[in-house]
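Values in this text are rule-based calculations from the coordinates and carry no lab data. This is a predicted model, so every value here is computed, not measured.
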Amino acid sequence: VPSQNQKTSSQQGNKRDIHVDNLVRQAELKGVNLLRMPLGMERRKSNTTKFNKKKVITWKIELCFHTPTAHTTSSTGDNCNDDGSKEHIIPKMLKVESQMSETSTLSEELGKHLDVHPGNSTIRSQLRSFANVPRDKLILFLKRLPCSSAAPQYYGLDRDATLGENLNGKTVIEFPTIDVVLEEDREKYPLFIGELY
């Protein structure tokens, strides 16, 4: 006979499964193929993405800023790959937003880090290579999944479109990791066939 603790643990697990299944279902209805990692995996545990009472998905997102100095390993140690693999091409700085509404634009999200706001002078200083250029000189990419780690391909994203619009028709593992690069580094990110600017 299961103990009370075992019953409680099972009930909590069932609630989590229902929540996860609903999130996957709601993402699918919005055109996003949301893949979940096994329980216990760090990316799964850290995912704060939710489907709220307003019937809107608020995504956890990672903005991975790649500085323009090529062929230098990352000094931060941050892993910007969403498949768990390690990749050090150019230095990276990872900024995390725990709850970004699917109705917000990527430009609005960039502005939180790059525009002048009270208390964000340190962040702007760290990202000065990006803050000091016109916003249209920043290129945003999302890695195509599944994709070979030896020959990755990327989708170009629209800064002025909403997060939901940008994720439509794409596959995401837990939450999106968006690469932010300067226009001069665009060629380092081969686009998926059919992607146009």
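Filter Lys60/Lys112; Lys30/Lys60; Lys54/Lys95; Lys30/Lys54 down to the pairs with a C-alpha to C-alpha distance above 18 Å, please. Mind dumping the intermediate values first?
Details: Lys60/Lys112 15 Å; Lys30/Lys60 16 Å; Lys54/Lys95 26 Å; Lys30/Lys54 14 Å.
Exceeds cut-off: Lys54/Lys95.
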Query raised in the report: What list of ³J(HN,Hα) values in whole Hz, one per residue of segment 168-179 in order, does the Karplus curve 6.51 cos²θ - 1.76 cosθ + 1.60 (θ = phi - 60°) give from phi, with Gly and Pro shown as x?
Result: 4, x, 10, 9, 10, 9, 6, 7, x, 10, 10, 8
Query raised in the report: Which log10 I(q)/I(0) values, to two decimals, does segment 105-191 give at q = 0.14, 0.22 Å⁻¹ under the Debye formula with one point per Cα?
Result: -0.54, -1.13
Query - Normalised convex hull volume, segment 88-146, alpha-carbon set, Å³ per residue - result: 136
Report summary line: For Leu191, the residues 5 or more places away or on another chain with a placed amide H closer than 5 Å to its own amide H are Tyr154
Requested in this report: Once you have the Cα-Cα distance between Glu28 and Asp158, take 0.36 nm times their residue separation minus that, and quote the gain in nm to one decimal.
Outcome: 44.7 nm
Report summary line: Kirkwood radius from Cα pairs of segment 147-197 plugged into Stokes-Einstein at 25 °C, 0.890 mPa s, gives D in µm²/s equal to 200
